[in-house]
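Undergrad: My structure is below; once you've seen it, I'll send some questions.
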Number of protein chains: 4
Amino acid sequence: MIIVLKQNATPEQINHICNKVKELGLTPQVSRGIEKTIIGVIGQEDKLRVQPLEAFPGVERVMSVMKPYKLASRDFKSEDTIFVMDNGVKVGGKQVVIMGGPCTVENKESLLRIAKEVKKSGATFLRGGAFKPRSSPYSFQGLGEEGLKYLREVADEVGLLVVTEVMDTRAVELVSKYADMLQIGARNMQNFDLLKEIGRTKKPTLLKRGLSATIKELLLSAEYLLSNGNFKVMLCERGIRTFETATRNTLDINAIPVLKEETHLPVLVDPSHGTGNYNYVTAVARAAVAAGADGIMVEVHDNPEEAASDGEQSLVPKRFDAMVKELRAIAHVLGREV
Amino acid sequence: MIIVLKQNATPEQINHICNKVKELGLTPQVSRGIEKTIIGVIGQEDKLRVQPLEAFPGVERVMSVMKPYKLASRDFKSEDTIFVMDNGVKVGGKQVVIMGGPCTVENKESLLRIAKEVKKSGATFLRGGAFKPRSSPYSFQGLGEEGLKYLREVADEVGLLVVTEVMDTRAVELVSKYADMLQIGARNMQNFDLLKEIGRTKKPTLLKRGLSATIKELLLSAEYLLSNGNFKVMLCERGIRTFETATRNTLDINAIPVLKEETHLPVLVDPSHGTGNYNYVTAVARAAVAAGADGIMVEVHDNPEEAASDGEQSLVPKRFDAMVKELRAIAHVLGREV
Amino acid sequence: MIIVLKQNATPEQINHICNKVKELGLTPQVSRGIEKTIIGVIGQEDKLRVQPLEAFPGVERVMSVMKPYKLASRDFKSEDTIFVMDNGVKVGGKQVVIMGGPCTVENKESLLRIAKEVKKSGATFLRGGAFKPRSSPYSFQGLGEEGLKYLREVADEVGLLVVTEVMDTRAVELVSKYADMLQIGARNMQNFDLLKEIGRTKKPTLLKRGLSATIKELLLSAEYLLSNGNFKVMLCERGIRTFETATRNTLDINAIPVLKEETHLPVLVDPSHGTGNYNYVTAVARAAVAAGADGIMVEVHDNPEEAASDGEQSLVPKRFDAMVKELRAIAHVLGREV
Amino acid sequence: MIIVLKQNATPEQINHICNKVKELGLTPQVSRGIEKTIIGVIGQEDKLRVQPLEAFPGVERVMSVMKPYKLASRDFKSEDTIFVMDNGVKVGGKQVVIMGGPCTVENKESLLRIAKEVKKSGATFLRGGAFKPRSSPYSFQGLGEEGLKYLREVADEVGLLVVTEVMDTRAVELVSKYADMLQIGARNMQNFDLLKEIGRTKKPTLLKRGLSATIKELLLSAEYLLSNGNFKVMLCERGIRTFETATRNTLDINAIPVLKEETHLPVLVDPSHGTGNYNYVTAVARAAVAAGADGIMVEVHDNPEEAASDGEQSLVPKRFDAMVKELRAIAHVLGREV
């Protein structure tokens, strides 16, 4: 921690800060420059982080030297995290996982048709919402437990894993019964009670980045899962909110190499929400794999016109299949498999 | 709803869209311009909103004519909403309400000292967090029910109302027992299960705008409360996330006149989170009242250096008192009272 | 300057950096913490700023301790800058200046009518564009020198000062002949050749903040003017670009107290561009004065329907007059004059 | 153009708007819905665009149906633009062009060494700044004409084309003498006088997207070049400004497929500015080619520690070479050449 003092900070103020630092069992080092005096603090930065140092008289700015996340960082664990699903599918590592399926589970027949298609193209996970977060109370909110049942039955029939969102602490147990991987949606990335609850389940978990969450905040939310005992965590970049309105969100492609450097956790990309337009999904999915993503999640529907939600960003199975073929070829360039 | 067609849309595609519109009981009106053809849709726009029209072949863009919120809109209710708290304090209307208190409840003594000060200066609500949303799992998470008890006891002793945050659907009942007004925090603005649960309680509710929520989304979240039967809703502008890093957030002052035009619900402003720096709180609080806010919520601490959270944005009681005096004078200019 | 090293930085890398620091005549101070090693650098930070320290092996991050602007900072000059126009009007200080006029100069008659109105209400500056920055090449680009002549003639007839934009280095001399104050538009805030050219003129200058410029960048652009000899500089907050689309821009009200703390230069606010909607201009103008602005610039048109540009954000003279009356009352609360 | 009326718009107001539309030679179509009345306007939308329709009484909102750019759009020209440089190198089409070189021209020797390396790896353009846009007046501003001479001499010796920035209308002629392609920097994307001046030169031009410019605004700035007679225009995505601070900018990968759909002009990507960190450049360059970019521009320096600017985002020649090899393999997957 570096404490930068105001030009007019008094010796008393400096003493006062140093004493507070010492009280916490840390060592202050005062450095008088030509224009500014700074205090470096040696010891565990966390002890000081809870102190509102900016509120101390004479302080201009406080700069953190350490990263605020620990278990999620490469400093804690340098090799990539790889975890194995019950059916042997690996998340992380050489394999680039493909997840496909409808935005929302509508009925069993349609889900089964779509599941067969995505399986055939190479997907190992079936995605689909049973509980849907909708901006408007008047939009379709999902089938609930019925949707979960369809997901489980269809996935078992076709040979896929189920990934689906849980939005409410009270539903964690229920969703865990049906799903292989729990999804924490973008709007709940900082729903801390939900993070804690899911952390305790130790179920494989997909944590989506919030619309306006920094990469640091995403890693801090992952830290909630890890510090509650759940290390089977995959992060997901799904587009952030910016001033640009030509696309629904701005997919942050930079986040992939940044996350691969900062954390050992695998990184998924969702180009469907990242663009909001089926015309752009394939190009951005290719970009994600080329940038080093460990997986892709794409919305697929065999009749987008009739989809209960997000039809405008869903691929038809034929386009999905063509996309996976291109992803496979790009993965090979990088020594990976799809 | 206006459907703009691609330049090369075929007559078959246009027919297909018109048929879909008619199926839903609406009337399509095709308008052939020199360069573009558009289809206007007459009837209840909501029926069409769930249709992913952008996924239809030949469609370039879909533009909504109606606002997606109803109960929260001025079209639904033109006069300002005013609701009366149990002790007779009015929210909305001529009075500008003042809410003050620590970010986090730390212990009863400190809370009591602060409560007496804010009451003396003119506050009618005591704010304070018992359950705290913290980016890091290693930060202090609040006293929980113990904090709620202190809030209730202190508020009763001093003669204030309690406003405090509830973060988890499972805690709504508990917090409702102690609080006069439930606060939905910025990170939970789109925690839809929480919105529904609080909607059903019919308790006075303060809904904070999310860090990257549009004004439209804020009103849609309010719509969740209203459509579940809770009309005692106050909205709160507390700063949005932008590229600017000189302040913790960018307080959206424009949101005040926009909200006053769009909705009948009262609007609070939180300059503490809106700026993140005690040096800027007073200036921005004045701006908020000048712009037409119906209330101000400010963090107050009598020893910011020792505050368990957000000390750098807390006012000491003396500055709080000076601020309220200025707010009162500005309110008078606009024919209002503090 | 603080150089934070990577956890695995080698002694050779640390030596290499320290040697580079010494070569520049500065003193490195190595501080070995439990988890991180940092190098503090004592001496003039500017010498190091031009070095790409992040490119040195072993470096994780470089943190600046000093502010990059000098002449514009409060550290350089603690008292407020006040400058006097040729007719005695003061910019900065106790007086809150009012600037009004059409977005674009359309013809002399209309300009004269509007000028008389704004003068009557209390404005001391006539604003109006002769050269207009337009996103589209097909929009009206302004009357050019003819517009400048009208501005000068009308202002002289009515008793106002002229403030108008110059967009091109080649036009600085021409515009200087007619205008009392040169305006640098938001899109040219980082047109560095223009800044230098205008810096050399020493004419009173209004520097608008760019749509996505940080406050630090605004002050660095001011530094271009000051370091070229022009100290008669007024800064202008006119709204920044964010994700919110309910208004044309998001007026950054926080910027006012931040700028008043960071710099001695006077600060103007433009609520017309800051909101983009005449319905919101008055509320936001009040907020700006309440927050401590040293002036307000507002677009006024007596027939907004016929305005050549920005009619939707122009006030009619009657509303402008009512606004100035409210601003005067708020200014009085703060011990200032309109 | 669709004009949405307020719920309480009077028949007189509707008539007044219709009359104005007719005056302009256009045809209004009034459509009365259950909740809203709208007026569709048939005819050339441009005539209406200059009218501030939002300022008309009774108008709630105006929605544009047409795109505001013409010559730059796919509707105007459906096949991809390909232009040929003097030495036969094609921009646009099957070939993915590679541009490399230092951020700033420092001296001839270093430039020559770097140029030989990038040529060997497969670059066809030498980039390098002679006039540098710098946020601070105290940073190195470039060698000026001397830098241009070095660029020309080195490029001729090695067999490369020169692309370099021009910042000032007064320097267009000078830079045109030395450069093969003129670069318009991000900060000047809306320097409209510069756009017009460069439009008239008809020189091949690289137009960089502004930090906070929408894709629509980028295309409107291109329209300035095209409508002034210059059709040899390449667009460049180089990162936009968002709330994320882990990288210097957020490279908008979505912009590539959006631009390929909207315009016939070739699209370059600059991952050096797009990320600001040499560690992320290769991953993002791969992503750009995978997404369909027509070229890549990368900063290269053989001694980044000594680079006069942007050393932290420069690749050393060895990494540049490895990057180009990967780009070539990805280009092949998509049926293209590097």
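The values are calculated or read from the model by the stated rules, or taken from the named source; none is laboratory data. For clarity, every value in this text was computed on a predicted model and none was experimentally measured. Cβ: placed from backbone, ideal geometry, glycine included. Neighbour counts: every protein chain shown.
Undergrad: Pairs under 6 Å by beta carbon, first residue of a type in the set (Ser, Thr, Tyr) in segment C:55-76, partner at pLDDT 85 or above, six or more apart or different chains?
TA: Short answer, once both residue conditions are applied: C:TYR69/C:LEU219; C:TYR69/C:LEU220; C:TYR69/C:GLU223.
Undergrad: May I ask you to verify whether D:ASP156 is within 25 Å of D:PHE320 (Cβ to Cβ) and either touching a His at 6+ places or on another chain (Cβ under 8 Å) or not aliphatic (A, V, I, L, M) (or both)?
TA: On the way: within 25 Å of D:PHE320 (Cβ to Cβ): yes; either touching a His at 6+ places or on another chain (Cβ under 8 Å) or not aliphatic (A, V, I, L, M) (or both): yes.
It is true that D:ASP156 is within 25 Å of D:PHE320 (Cβ to Cβ) and either touching a His at 6+ places or on another chain (Cβ under 8 Å) or not aliphatic (A, V, I, L, M) (or both).
Undergrad: Restricting attention to segment A:65-76, does a residue exist that is touching a His at 6+ places or on another chain (Cβ under 9 Å), on the phi > 0 side of the Ramachandran plot, in a loop (DSSP other than H, G, I, E, B) and more than 10 Å from every other protein chain (Cβ to nearest Cβ)? First the steps, then the outcome.
TA: Our first condition is that a residue be touching a His at 6+ places or on another chain (Cβ under 9 Å); within segment A:65-76, this holds for A:72-74, A:76.
Narrowing the set further to residues that are on the phi > 0 side of the Ramachandran plot leaves none.
Among the residues of segment A:65-76, not one is touching a His at 6+ places or on another chain (Cβ under 9 Å), on the phi > 0 side of the Ramachandran plot, in a loop (DSSP other than H, G, I, E, B) and more than 10 Å from every other protein chain (Cβ to nearest Cβ), which makes the answer no.
Undergrad: I'm told C:VAL154 meets every condition in (1) within 17 Å of the chain's Cα centre (by Cα); (2) crowded, with 24+ Cβ neighbours inside 10 Å except one. Can you identify the failing condition by its number?
TA: (1)
Undergrad: Just a yes or no: is a residue in segment C:48-56 in contact with a Gly (Cβ under 8 Å, 6 or more places away or on another chain), more than 14 Å from chain D (Cβ to nearest Cβ) and in a loop (DSSP other than H, G, I, E, B)?
TA: Looking through segment C:48-56, none of the residues is in contact with a Gly (Cβ under 8 Å, 6 or more places away or on another chain), more than 14 Å from chain D (Cβ to nearest Cβ) and in a loop (DSSP other than H, G, I, E, B).
Undergrad: One residue is enough: does segment D:194-209 have a residue meeting the conditions closer than 25 Å to A:THR214 by Cβ and either within 13 Å of the chain's Cα centre (by Cα) or at pLDDT 95 or above (or both)?
TA: Going through segment D:194-209, the residues closer than 25 Å to A:THR214 by Cβ turn out to be D:209.
Subsequent filtering for residues that are either within 13 Å of the chain's Cα centre (by Cα) or at pLDDT 95 or above (or both) retains D:209.
There is at least one residue in segment D:194-209 that is closer than 25 Å to A:THR214 by Cβ and either within 13 Å of the chain's Cα centre (by Cα) or at pLDDT 95 or above (or both).
Undergrad: Taking the conditions exactly as written (at pLDDT below 95 and surrounded by fewer than 21 Cβ atoms within 10 Å (Cβ to Cβ)), does B:GLU106 satisfy them or not? Steps first, answer last, please.
TA: Working: at pLDDT below 95: yes; surrounded by fewer than 21 Cβ atoms within 10 Å (Cβ to Cβ): no.
Judged against the criteria, B:GLU106 is not a match.
Undergrad: Is it fair to say D:LEU268 is touching a helix residue (DSSP H, G or I) at 6+ places or on another chain (Cβ under 8 Å) and hydrophobic (A, V, I, L, M, F, W, C)?
TA: Working: touching a helix residue (DSSP H, G or I) at 6+ places or on another chain (Cβ under 8 Å): no; hydrophobic (A, V, I, L, M, F, W, C): yes.
So D:LEU268 does not fit the description; no.
Undergrad: Looking only at segment D:111-125, decide whether some residue is without any contact (Cβ under 8 Å) to a residue 12 or more places away in the chain and out of contact with any Pro (no Cβ under 8 Å at 6 or more places or on another chain).
TA: Of the residues in segment D:111-125, the ones without any contact (Cβ under 8 Å) to a residue 12 or more places away in the chain are none.
No: segment D:111-125 contains no residue that is without any contact (Cβ under 8 Å) to a residue 12 or more places away in the chain and out of contact with any Pro (no Cβ under 8 Å at 6 or more places or on another chain).
Undergrad: Among the residues of segment B:26-45, are any under 30 Å from B:ILE215 (Cα atoms), among the polar types (S, T, N, Q) and either surrounded by fewer than 19 Cβ atoms within 10 Å (Cβ to Cβ) or within 38 Å of the chain's Cα centre (by Cα) (or both)?
TA: Looking for residues that are under 30 Å from B:ILE215 (Cα atoms), among the polar types (S, T, N, Q) and either surrounded by fewer than 19 Cβ atoms within 10 Å (Cβ to Cβ) or within 38 Å of the chain's Cα centre (by Cα) (or both), one finds at least one in segment B:26-45, hence yes.
Undergrad: Is it true that B:SER121 is among the polar types (S, T, N, Q) and away from chain A (no Cβ under 14 Å)?
TA: On the way: among the polar types (S, T, N, Q): yes; away from chain A (no Cβ under 14 Å): yes.
Taking the combined requirement at face value, the residue satisfies it.
Undergrad: Something else about it: State yes or no: is C:MET181 over 30 Å from B:ASN249 (Cβ atoms) and at the interface with another protein chain (Cβ under 7 Å from one of its Cβ atoms)?
TA: Values: over 30 Å from B:ASN249 (Cβ atoms): yes; at the interface with another protein chain (Cβ under 7 Å from one of its Cβ atoms): no.
Answer is no for this residue.
Undergrad: For segment D:224-258, name all the residues that are hydrophobic (A, V, I, L, M, F, W, C) and more than 9 Å from chain A (Cβ to nearest Cβ).
TA: Start the filter on segment D:224-258 by keeping residues that are hydrophobic (A, V, I, L, M, F, W, C), which leaves D:225-226, D:231, D:233-236, D:240, D:243, D:246, D:251, D:253, D:255-256, D:258.
D:LEU225, D:LEU226, D:PHE231, D:VAL233, D:MET234, D:LEU235, D:CYS236 - these are the residues of segment D:224-258 that are hydrophobic (A, V, I, L, M, F, W, C) and more than 9 Å from chain A (Cβ to nearest Cβ).
Undergrad: Something else now. Kindly indicate whether A:THR81 is within 14 Å of chain B (Cβ to nearest Cβ), crowded, with 16+ Cβ neighbours inside 10 Å, hydroxyl-bearing (Ser, Thr, Tyr) and within 28 Å of A:LEU268 (Cβ to Cβ). Even if it seems obvious, please write down each step before you answer.
TA: Working: within 14 Å of chain B (Cβ to nearest Cβ): no; crowded, with 16+ Cβ neighbours inside 10 Å: yes; hydroxyl-bearing (Ser, Thr, Tyr): yes; within 28 Å of A:LEU268 (Cβ to Cβ): yes.
When the stated conditions are applied, A:THR81 does not pass them.
Undergrad: Out of B:LEU174, B:LEU143, which single residue is away from chain A (no Cβ under 11 Å), at pLDDT below 95 and farther than 18 Å from B:GLY100 by Cβ? Don't jump to the end; show me each part of the working.
TA: Details: B:LEU174 fails: at pLDDT below 95.
Being away from chain A (no Cβ under 11 Å), at pLDDT below 95 and farther than 18 Å from B:GLY100 by Cβ holds for just one of B:LEU174, B:LEU143, which is B:LEU143.
Undergrad: Okay, next question. Mind checking which residues of segment A:197-220 are in a helix (DSSP H, G or I) and at the interface with chain B (Cβ under 8 Å from one of its Cβ atoms)?
TA: As a first pass, look at segment A:197-220 and keep what is in a helix (DSSP H, G or I): A:197-201, A:215-220.
Those that are in a helix (DSSP H, G or I) and at the interface with chain B (Cβ under 8 Å from one of its Cβ atoms): A:GLU217, A:LEU220.
Undergrad: Ok, one more. Filter segment B:157-184 down to the residues that are surrounded by fewer than 17 Cβ atoms within 10 Å (Cβ to Cβ) and in contact (Cβ under 8 Å) with a residue 40 or more places away in the chain, then identify the one that is farthest from the chain's Cα centre (by Cα).
TA: Out of the qualifying residues, it is B:GLU157.
Undergrad: Being in contact (Cβ under 8 Å) with a residue 12 or more places away in the chain and closer than 21 Å to A:GLU261 by Cα is the requirement here; does D:THR275 meet it?
TA: yes
Undergrad: Residues in segment C:91-107: is at least one free of Cβ contacts under 8 Å to residues at least 40 places away in the same chain and on the phi < 0 side of the Ramachandran plot?
TA: Checked segment C:91-107: no residue is free of Cβ contacts under 8 Å to residues at least 40 places away in the same chain and on the phi < 0 side of the Ramachandran plot.
Undergrad: Scan segment C:226-256 for residues that are crowded, with 24+ Cβ neighbours inside 10 Å, of a type in the set (A, V, I, L, M) and either in contact with a His (Cβ under 6 Å, 6 or more places away or on another chain) or within 23 Å of D:ARG241 (Cβ to Cβ) (or both) and jot them down.
TA: Answer for segment C:226-256, where residues must be crowded, with 24+ Cβ neighbours inside 10 Å, of a type in the set (A, V, I, L, M) and either in contact with a His (Cβ under 6 Å, 6 or more places away or on another chain) or within 23 Å of D:ARG241 (Cβ to Cβ) (or both): C:LEU235, C:ILE240, C:LEU251, C:ILE253, C:ALA255, C:ILE256.
Undergrad: In the list B:GLY25, B:GLY43, B:GLY33, which residue meets the criterion of being on the phi > 0 side of the Ramachandran plot, within 8 Å of another protein chain (Cβ to nearest Cβ) and either touching a residue at least 60 places away in the same chain (Cβ under 8 Å) or of a type outside the set (Ser, Thr, Tyr) (or both)?
TA: The conditions single out B:GLY43.
Undergrad: Going by the conditions given, is C:ASP294 under 17 Å from C:ALA186 (Cβ atoms), more than 12 Å from chain B (Cβ to nearest Cβ) and in contact with an Asp or Glu (Cβ under 9 Å, 6 or more places away or on another chain)?
TA: On the way: under 17 Å from C:ALA186 (Cβ atoms): no; more than 12 Å from chain B (Cβ to nearest Cβ): yes; in contact with an Asp or Glu (Cβ under 9 Å, 6 or more places away or on another chain): yes.
No: the conditions fail for C:ASP294.
Undergrad: When you go through B:GLY276, B:GLY311, B:GLY295 one by one, which is the residue that is in the same structural domain as B:GLY142 (by TED's automatic domain parsing) and closer than 17 Å to B:PHE125 by Cβ?
TA: Numbers: B:GLY276 fails: closer than 17 Å to B:PHE125 by Cβ; B:GLY311 fails: closer than 17 Å to B:PHE125 by Cβ.
Unique residue meeting the criteria: B:GLY295.
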